[in-house]
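Engineer: Right, I'll just put the structure down here and ask away after.
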Amino acid sequence: MPRYDGKVMDCLVIKKGSIWRSVVFLANIICRYIMPAAVMAALSFYGAGTGVSGEMSAVSGAEVTNGIRMTAAVICEEIKDGQPVNEGIIFSSDLGKITCFTEFDSITEKTTVYHCWYFKDNLRAKRKPLVLNPPRWSTFSQIEPRETDKGPWRVEIVDENGNIFKTLRFSIID
């Protein structure tokens, strides 16, 4: 643990003996020990399959239903030039929209999928049918979070028969 020596500590200039000494000490404990533990707990809760950043879009070959292979599935802030932007598992309730992006490969015929949005295990929105066209297609759906939508969410990507390709989990916070 860093020691206070009256000099620059973690980008703050502190005068020796000031009240800020206690504040900086507590801030260091929070930033170095409590916050990383909270992040690790959140990642454990959401599972290794949801990864972070670039790893998040990687989908294993197990997500194959009726011969259609899902190549990407992420929750993000927006779609720009056909690609997800700012992928994550924690989003602010102040954000205008939250987007579920999916990409499919090996499509042999016109197929329909659904993004089913659940809030605290209650179906909140089953979007209109999302049509996939051969041979490769990407699609997305969005929600507009409200102040009352804080908490755990999941999106189940399902085919016409209700078979689940993948479940994505995320949270909405302040």
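Engineer: Select from region 128-174 the residues that are over 19 Å from E63 (Cβ atoms) and surrounded by 13 or more Cβ atoms within 10 Å (Cβ to Cβ) and list them in ascending order.
Structural biologist: Matches in region 128-174: Q142, I143, P145, D149, K150, P152, W153, S171, I172.
Engineer: Inspect all residues belonging to region 33-43 and state whether any of them is among the aromatic types (F, W, Y), at pLDDT below 95 and closer than 19 Å to T167 by Cα. It would help to see each step written out before you state the result.
Structural biologist: To start, the set of residues in region 33-43 that are among the aromatic types (F, W, Y) comprises 33.
Applying the additional criterion that residues be at pLDDT below 95 yields 33.
This time we only want the ones that are closer than 19 Å to T167 by Cα, so: none.
No: region 33-43 contains no residue that is among the aromatic types (F, W, Y), at pLDDT below 95 and closer than 19 Å to T167 by Cα.
Engineer: Also, I was wondering about something else. Would you pick out the residues in region 89-102 that are buried (at least 17 other Cβ atoms within 10 Å of the Cβ) and outside any strand (DSSP E or B)?
Structural biologist: Result: I89, single match.
Engineer: Any chance region 130-137 includes a residue that's assigned by TED's automatic domain parsing to the domain that holds E63, part of a strand (DSSP E or B) and under 19 Å from the mean Cα position of the chain (by Cα)?
Structural biologist: no
Engineer: Can you name every residue in region 154-172 that is of a type in the set (A, V, I, L, M, F, W, C) and either touching a helix residue (DSSP H, G or I) at 6+ places or on another chain (Cβ under 8 Å) or not assigned by TED's automatic domain parsing to the domain that holds T102 (or both)?
Structural biologist: First pass over region 154-172, keeping only residues of a type in the set (A, V, I, L, M, F, W, C): 155, 157-158, 164-165, 168, 170, 172.
L168, F170, I172 - these are the residues of region 154-172 that are of a type in the set (A, V, I, L, M, F, W, C) and either touching a helix residue (DSSP H, G or I) at 6+ places or on another chain (Cβ under 8 Å) or not assigned by TED's automatic domain parsing to the domain that holds T102 (or both).
Engineer: I need every pair where a residue in region 65-90 that is on the phi > 0 side of the Ramachandran plot has its Cβ under 6 Å from the Cβ of a residue that is surrounded by fewer than 19 Cβ atoms within 10 Å (Cβ to Cβ) and not in a strand (DSSP E or B), sequence separation at least 6 or different chains.
Structural biologist: Listed pairs, sorted by first residue: N86/E77.
Engineer: Still on this model: If I go through region 93-123 residue by residue, how many of them are touching a Phe, Trp or Tyr at 6+ places or on another chain (Cβ under 9 Å) and among the polar types (S, T, N, Q)? Give the steps one after another, and end with the answer.
Structural biologist: To start, the set of residues in region 93-123 that are touching a Phe, Trp or Tyr at 6+ places or on another chain (Cβ under 9 Å) comprises 98-105, 107, 111, 113, 115, 117-120, 123.
Now narrow it down to the ones that are among the polar types (S, T, N, Q): 99, 102, 111.
Residues flagged as touching a Phe, Trp or Tyr at 6+ places or on another chain (Cβ under 9 Å) and among the polar types (S, T, N, Q) within region 93-123 amount to 3.
Engineer: Against the conditions (1) within 16 Å of D159 (Cα to Cα); (2) touching a Lys or Arg at 6+ places or on another chain (Cβ under 9 Å), where does E77 fall short? Just the number, please.
Structural biologist: It fails just one condition, (1).
Engineer: Ok, one more. Take the residues of region 105-161 that are without any contact (Cβ under 8 Å) to a residue 60 or more places away in the chain and among the small types (G, A, S): which is nearest to I68 (Cα to Cα)?
Structural biologist: Here the residue is S106.
Engineer: Still on this structure: Confirm whether V74 is touching a strand residue (DSSP E or B) at 6+ places or on another chain (Cβ under 6 Å), surrounded by fewer than 17 Cβ atoms within 10 Å (Cβ to Cβ) and modelled with pLDDT of 70 or more.
Structural biologist: No.
The values are calculated or read from the model by the stated rules, or taken from the named source; none is laboratory data. This structure is a prediction, so every number in the text was calculated from the model and none was measured. Cβ atoms come from the backbone with ideal geometry, glycine included; neighbour counts cover every protein chain shown.
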